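J.: Can you keep this structure in mind? I'll have questions shortly.
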Amino acid sequence: ALFVDSRHAYDYNLGHIKGAINLPLAEYAEKKGTVSQVPKDRLIIIYCDGADCNSSIELAARLFLDGYINVKIFFGGWGEWKAKNLPIEKSAK
């Protein structure tokens with residue numbers, strides 16, 4: 001699966017799911033090329049901060065409209081992932 005972080009780049013750089021790419025909802029139109037090489041049937045898991053964050057839902061809908069057919073949402077998001085001590089990484093800035 002490809003994890004996609006829909007949070008702002010600032011938050012992504014502070015920490016994200018290991019191997020995730022950043023595609024902020026607010027910048028979708030400008031940055032959707034980030035996923036242009038991803039096969040339309042590949043499993044894509046979108047996440048943001050957690051259940052109180054809707055950007056993952058909105059980004060998943062946009063990807064689906066662009067032809068991606070295997071898009072899921074990780075509702076627990078970054079908060080749940082980090083709380084369970086699962087693999088994370090930070091981006092160098």
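J.: Toward the positive end of the charge dipole of the chain, about the Cα centre and with charges on Cβ (Lys, Arg +1; Asp, Glu -1), which of Ala51, Gln37, Asn13 goes farthest?
T.: It is Gln37.
J.: Tally up the carbon and sulfur contribution to the accessible surface of the chain as a whole percent, 1.4 Å probe, everything protein left in place.
T.: Within the chain, the accessible surface is 55 percent carbon and sulfur.
J.: Assigning unit charges at the beta carbon (Lys, Arg +1; Asp, Glu -1) and nothing else, what dipole magnitude in debye, to the nearest 20, does the chain show about its Cα centre?
T.: 260 debye
J.: Whole number in Å², please: accessible area per residue of the chain, 1.4 Å probe, ligands, DNA and RNA not counted.
T.: Accessible area per residue, the chain: 59 Å².
J.: Between Ala9 and Leu43, what length in nm is gained on full extension when 0.36 nm per residue of separation is reduced by their alpha carbon distance?
T.: On the way: separation 34, 0.36 × 34 = 12.24 nm, distance 2.23 nm.
Roughly 10.0 nm would be gained on extension.
J.: Just to verify a number: FRET efficiency for Glu58 and Lys90, C-beta to C-beta distance, R0 = 35 Å, to 0.05?
T.: That gives a FRET efficiency of 0.90.
J.: So, one more: I want the antiparallel fraction of DSSP beta bridges within the chain, as a percent rounded to 5.
T.: Rounded to the nearest five, the antiparallel share is 20 percent.
J.: Let me ask another. With a 10 Å radius around each residue's Cβ, average the other Cβ atoms per peptide and rank 67-73, 55-61, 79-85, highest first. Walk me through the numbers on the way to the answer.
T.: On the way: 67-73: 15.0, 55-61: 19.7, 79-85: 13.0.
Final packing ranking: 55-61, 67-73, 79-85.
J.: Now, a different point. On a 0 to 90° scale, report how tilted helix 55-65 is relative to the longest principal axis of the chain, with both axes built from alpha carbons and the result rounded to the nearest 10.
T.: Once rounded, one gets 20 degrees.
J.: Further question: Under 25 °C and 0.890 mPa s, how fast does the chain diffuse according to Stokes-Einstein, given a Kirkwood radius computed over C-alpha pairs? Answer in µm²/s, whole number.
T.: 188 µm²/s
The values are calculated or read from the model by the stated rules, or taken from the named source; none is laboratory data. Being a predicted model, the structure only gives us computed values, none of them experimental. Note that we place each Cβ from the backbone using ideal geometry, even for glycine, and neighbour counts take in every protein chain shown. Keep in mind that these areas ignore ligands, DNA and RNA; they rest on the heavy atoms of the full protein, side chains included. Shrake-Rupley method; radii C 1.70, N 1.55, O 1.52, S 1.80 Å.
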